[in-house]
Amino acid sequence: MVCLGNICRSPIADGLLRRKISEQRLNATVDSAGTAAYHVGEAPDPRMRETGKSLGTPIDDLRARQFEVSDFDRFDLIYAMDRSNYNNILKLARNKSDENKVFMILNEANPGKNLEVPDPYYGGDQGFIEVYKMLDVATDKIIEKHLK
Ligand code: 4NP
């Protein structure tokens, strides 16, 4: 799961998918990262942590890191939250095989639409709830399509 800072969108996508995999006794490795390094080592944004906690997905233990080329070797599926993240990940791809792992996450539930998870960082609390809900649906789809 990849966004810009790895403190708002991708940590909750990561937390949702991890929780569902564990609850459903599935087997997959999930992680998240940011394309930027601004927040490396930080816990998720307090507003995203609060939203996650109140809706059943605590993410306090996650720590931000930057996406790196070796992530193409570690993971089969790489989900970008928005078009800018998508383009920045593709710039790091070494070959077609790397490129073919990268998807816009909302295309899982809305194929071909290239919808974006809006960046909630500069907005109010409602933005965090909306992000949570979009990613709740998207992570259900990921499980249904790729993990069952
Ligand atoms: P994220 O949100 O990409 O969903 O983690 C942001 C977090 C921090 C910044 C921008 C977006 N920032 O500019 O510091």
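Only the coordinates and a few stated rules stand behind these numbers; no lab work does. None of the values given here were measured: they were computed from a predicted structure. Using ideal geometry, Cβ is built from the backbone for each residue, glycine included, and neighbour counts are taken over all protein chains shown.
Out of all the residues in the range 84-104, which are basic (K, R) and either closer than 14 Å to S10 by Cα or not in a helix (DSSP H, G or I) (or both)? The answer is R94, K101. Comparison of E50, E99 shows that the only residue that is farther than 17 Å from M1 by Cβ and touching a Leu at 6+ places or on another chain (Cβ under 7 Å) is E99. The residues of the range 102-129 that are more than 15 Å from the ligand (Cβ to nearest atom) and either surrounded by 16 or more Cβ atoms within 10 Å (Cβ to Cβ) or among the aliphatic types (A, V, I, L, M) (or both), listed by number, are V102, N107, E108, A109, L115.
One residue alone among A80, A93 is under 17 Å from the mean Cα position of the chain (by Cα), surrounded by 12 or more Cβ atoms within 10 Å (Cβ to Cβ) and among the aliphatic types (A, V, I, L, M), and that residue is A80. Of all residues in the range 3-16, those that are over 11 Å from R63 (Cβ atoms) have Cβ atoms under 9 Å from Cβ atoms of residues that are among the basic types (K, R) and near the ligand (Cβ under 6 Å from one of its atoms), 6 or more apart or on another chain, in C3/R9. Residues in the range 1-51 that are surrounded by 19 or more Cβ atoms within 10 Å (Cβ to Cβ), hydroxyl-bearing (S, T, Y), more than 10 Å from the ligand (Cβ to nearest atom) and part of a loop (DSSP other than H, G, I, E, B): there are none.
Of all the numbered requirements in (1) closer than 18 Å to K141 by Cβ; (2) part of a loop (DSSP other than H, G, I, E, B), N107 misses one, and that requirement is (2). Within the range 52-61, if we keep just the residues that are surrounded by 14 or more Cβ atoms within 10 Å (Cβ to Cβ) and within 17 Å of Q126 (Cβ to Cβ), the residue that is nearest to the ligand (Cβ to nearest atom) turns out to be G52.
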